[in-house]
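Heads up: the structure comes next, in structure tokens.
Any read-out appearing in this document is the output of simple, stated calculations on the displayed coordinates, not a laboratory observation. Keep in mind the model is a prediction, meaning the values are calculated, not measured. FYI the Cβ positions are ideal-geometry reconstructions off the backbone, even for glycines, and counts take in every protein chain you see.
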Amino acid sequence: MFGKKKEVKPEIYSEETCQSCGEKTRRRFEEGDYVYKRTTQCNKCSSSERLVTAVYGEYPGEKR
Ligand SMILES: [Zn+2]
């Protein structure tokens, strides 16, 4: 059933950017996320102009 190789799945993250103040946050990808999706209200400036600006995968232990 299982291969010899250990398969490591990348962790998927969504990066959100506030269009109003530029605050960037990163969180775990959630089902239904896509780039330019409008997301939750900014907790810095309370603007609702926050969009998902990037979705990317990162392997555990990978350094940036
Ligand atoms: Zn903001």
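What number does the chain give for Rg over Rh if you use C-alpha atoms and the Kirkwood radius?
Rg/Rh: 1.15.
By the rule of a C-alpha distance below 18 Å, with chain neighbours fewer than 8 residues away ignored, the lysines paired with Lys37 are Lys24. Restriction of the trypsin sites (Lys or Arg not before Pro) in the range 1-33 to DSSP coil positions whose beta-carbon has at most 13 other beta-carbons within 10 angstrom yields Lys4, Lys5, Lys6.
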